[in-house]
Amino acid sequence: MRRTLRWGRRLTILAVGLLALGLVYVAVTFVHVWSTARSDQAGPADAIVVLGAAQYDGEPSPVLRARLDHAAELYDAGHAPLVVVTGGKQEGDRVTQAAAGFTYLRRQGIPEDAILLEVDGTSTYSELAATARILEDRGLSRVLMVSDGYHSARLLAIADEVGLDGAVSPTDTGYGTGALLRETAALSVGRIVGFRRLDALG
């Protein structure tokens, strides 16, 4: 009986310890997501990568337009000679997010031969994995990624996993605590199981 009680106490202590470690891990990850969201790492790169967002029959949504405008500013400032627009079709779409981005950037005066399209990705991981393959064929890997700030920490982690030398330059669009919490959860799990596996589960 005493042995059973001792084992029960040990298991309880172990469970409490693991729970405490898990909470610390998530808290540290949240702080990392929050601090990275406020960081602009703009600098020289091989390509500026615009993460996809909604488009409406070829017209970028406000979120996508903000990303494209920021990418155009970075291109005009000479940070990279190429812009990669990413994103495939969502259900019901006639136009890919990348195609909408391409048309928008051309209207901003960016030359056609300075824009590459990634048209198959339907998630952050698949967009960056496909971008890595596109750039690898050109001997390129250093990227400056453009998305909303809350997205930045996960972008850097995924870029590292798919073989990109990544930096982030987020838009100045606002976001709430809910977005930070969702990214904290995704980053916490992705670091443990791998982002490719997490994307497959999603």
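Listed values, structure above:
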item: By average C-beta atoms within 10 angstrom, highest first, the peptides 18-31, 40-53; result: 40-53, 18-31
item: Reference-scaled alpha-carbon Rg (2.2 N^0.38 Å with N residues) for region 59-99; result: 1.31
item: Lys/Arg +1, Asp/Glu -1 at C-beta; the chain dipole; positive extreme among Val95, Ile48, Ala130; result: Ala130
item: Coordinate range along principal axes, alpha carbons of region 84-195, Å, largest first; result: 38, 32, 28
item: Neighbour-limited loop hits for GluC sites (Glu not before Pro), region 83-124 (at most 14 other Cβ within 10 Å; DSSP other than H, G, I, E, B); result: Glu91
item: Separation in nanometres of the label points that stand 7 Å from Cα toward Cβ, at Asp40 and Val193; result: 3.6 nm
item: Vicinal HN-Hα couplings computed from phi for region 102-113 (Karplus, 6.51 cos²θ - 1.76 cosθ + 1.60; Hz; Gly/Pro x); result: 4, 4, 5, 5, 4, 5, 7, x, 7, x, 4, 6
item: Dipole in debye (nearest 20) - the chain, about Cα centre, beta carbon charges: Lys, Arg +1; Asp, Glu -1; result: 1720 debye
item: Which labelled figure in [x] 20.1, 80; [y] 19.4, 61; [z] 18.9, 70 is Rg and Dmax of the Cα atoms in Å, once derived from the coordinates; result: [x]
item: Along the chain, longest interval not containing exposed trypsin sites (Lys or Arg not before Pro), exposed being DSSP loop plus at most 12 other Cβ atoms within 10 Å; result: 139-202
item: All-pairs Cα distance distribution in region 18-96, expressed in whole percent, bin size 10 Å; result: 16, 31, 27, 19, 7
item: Probe 1.4 Å, accessible area per residue of region 47-202, Å²; result: 46 Å²
item: Computed label-point distance, nm, for sites Val26 and Gln90 using a 7 Å Cα→Cβ extension; result: 2.7 nm
item: Convex hull per residue volume in Å³, alpha carbons only, for region 158-202; result: 88 Å³
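The values are calculated or read from the model by the stated rules, or taken from the named source; none is laboratory data. On a predicted model such as this, the values are computed, not experimentally measured, just so you know. Virtual Cβ from ideal backbone geometry, glycine too; neighbours counted across all protein chains shown. To get the accessible areas, we keep the full protein, side chains included, count just its heavy atoms, and leave off ligands, DNA and RNA. Shrake-Rupley method; radii C 1.70, N 1.55, O 1.52, S 1.80 Å.
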